[in-house]
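Notes to accompany the following structure.
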């Protein structure tokens with residue numbers, strides 16, 4: 001049994017219309033909605049649900065306010081659910097149907113596993129020309145006016161039971177630990193061969209648990225910038241970015257999310273195999289971000305929001 005990745009995320013929200021507008025600006029397709037529930041999709045069919053927080057059908061929240069209520073993971077075949085039913089049967093909140101199995105993880109996040117509905121895509125990012133290897137010839141890199149996320153790439157939780165939660169995902173769902181902050185955090189991927197992490201668990205000194213962020217994969221670094229600039233033009237607030245994570249090598253841009261926590265565009269993460277040996281890192285600002293723009297970039301001037309706008313036709317042109 002191998003988890004393929006995130007199939008669906010479900011938010012319990014307190015300002016439904018604002019959240020619905022935000023996810024459309026984020027670049028998701030509004031598939032269906034009514035007064036209390038909206039369903040969005042990424043390009044490959046990953047689903048984002050925004051549901052009124054008072055809806056009794058939602059799993060119990062693991063923190064106050066708008067937040068993530070459930071993460072659904074995908075497997076390739078229905079037969080793989082049988083093994084999971086046995087493994088998860090003793091977990092809190094366990095349930096099973098013909099099409100899915102679910103429970104709560106040790107921190108209280110609802111976990112569901114079902115057969116994947118994600119679509120195969122013919123989508124490529126722009127290759128980079130590095131010294132000694134020109135992959136893009138007679139072809140300029142794209143400039144994106146906005147982002148269209150390809151998939152839901154990973155989730156990040158604050159946890160008050162790091163060891164128990166890491167063991168739950170490794171022993172019951174088959175996740176592998178890619179890298180660690182010893183006794184503080186674990187970067188985990190859902191299969192031995194795959195992107196650097198699908199899940200990051202972080203223990204804070206104050207013992208807080210809850211959602212940190214949900215990250216959406218885009219084609220390339222240029223779409224990270226294009227998506228972030230569009231969100232800025234729409235008036236949404238940058239938390240940090242654009243920037244680059246040294247641990248996973250990914251470029252990122254994080255925004256405040258009215259549905260709960262933060263939300264991230266990212267691209268160009270490391271791809272690992274079973275030969276990878278987990279590394280230990282000491283937490284710190286430069287480990288989190290090799291570089292980052294505090295406050296983001298203004299969507300109209302393309303400059304840091306605290307900087308003056310350029311004058312004239314060229315940025316090198318100065319006022320007389």
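The values are calculated or read from the model by the stated rules, or taken from the named source; none is laboratory data. Computed from a predicted structure; not experimentally measured. Reconstructed Cβ throughout: ideal geometry from the backbone, glycine too, with neighbour counts over all protein chains shown.
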Does residue 247 meet the test of being in contact (Cβ under 8 Å) with a residue 60 or more places away in the chain and under 22 Å from residue 282 (Cα atoms)? yes
Conditions (1) over 30 Å from residue 171 (Cβ atoms); (2) free of Cβ contacts under 8 Å to residues at least 40 places away in the same chain; number of the one not met by residue 26: (2)
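What are the residues in the stretch 120-160 that are under 30 Å from residue 103 (Cβ atoms), touching a strand residue (DSSP E or B) at 6+ places or on another chain (Cβ under 9 Å) and part of a loop (DSSP other than H, G, I, E, B), if any?
Residues of the stretch 120-160 under 30 Å from residue 103 (Cβ atoms): 120, 149-160.
Still in the list and also touching a strand residue (DSSP E or B) at 6+ places or on another chain (Cβ under 9 Å): 149-159.
Within the stretch 120-160, 149, 150, 159 meet the criteria.
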When you go through (1) farther than 19 Å from residue 164 by Cβ; (2) in contact with a helix residue (DSSP H, G or I) (Cβ under 8 Å, 6 or more places away or on another chain) one by one for residue 196, which number turns out not to apply? (2)
Scan the stretch 109-128 and give yes if some residue there is more than 22 Å from residue 78 (Cα to Cα), buried (at least 20 other Cβ atoms within 10 Å of the Cβ) and modelled with pLDDT of 95 or more, otherwise no. yes
Here the qualifying pairs (Cβ atoms under 9 Å; residues six or more apart or on different chains; first in the stretch 268-295 and farther than 26 Å from residue 127 by Cα; second part of a helix (DSSP H, G or I)) come out as 281/287
Residues located in the stretch 186-215, provided they are more than 17 Å from residue 110 (Cα to Cα) and not in a loop (DSSP other than H, G, I, E, B): 186, 187, 188, 189, 194, 195, 202, 215
Consider the stretch 165-184. How many of its residues are within 18 Å of the chain's Cα centre (by Cα) and under 20 Å from residue 251 (Cα atoms)? 2
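Does residue 171 satisfy being farther than 30 Å from residue 16 by Cβ, part of a helix (DSSP H, G or I) and touching a helix residue (DSSP H, G or I) at 6+ places or on another chain (Cβ under 9 Å)? So that I can check it myself, show each step before the final result.
Numbers: farther than 30 Å from residue 16 by Cβ: yes; part of a helix (DSSP H, G or I): yes; touching a helix residue (DSSP H, G or I) at 6+ places or on another chain (Cβ under 9 Å): yes.
Yes; evaluated as a whole, the condition is true for this residue.
Answer with yes or no whether residue 185 is modelled with pLDDT of 95 or more, on the phi > 0 side of the Ramachandran plot and in contact with a strand residue (DSSP E or B) (Cβ under 6 Å, 6 or more places away or on another chain). Don't jump to the end; show me each part of the working.
Working: modelled with pLDDT of 95 or more: yes; on the phi > 0 side of the Ramachandran plot: no; in contact with a strand residue (DSSP E or B) (Cβ under 6 Å, 6 or more places away or on another chain): yes.
The answer is no for residue 185.
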Complete set of residues in the stretch 8-21 that are more than 26 Å from residue 116 (Cβ to Cβ) and either assigned to a helix (DSSP H, G or I) or touching a helix residue (DSSP H, G or I) at 6+ places or on another chain (Cβ under 9 Å) (or both): 16, 17, 18, 21
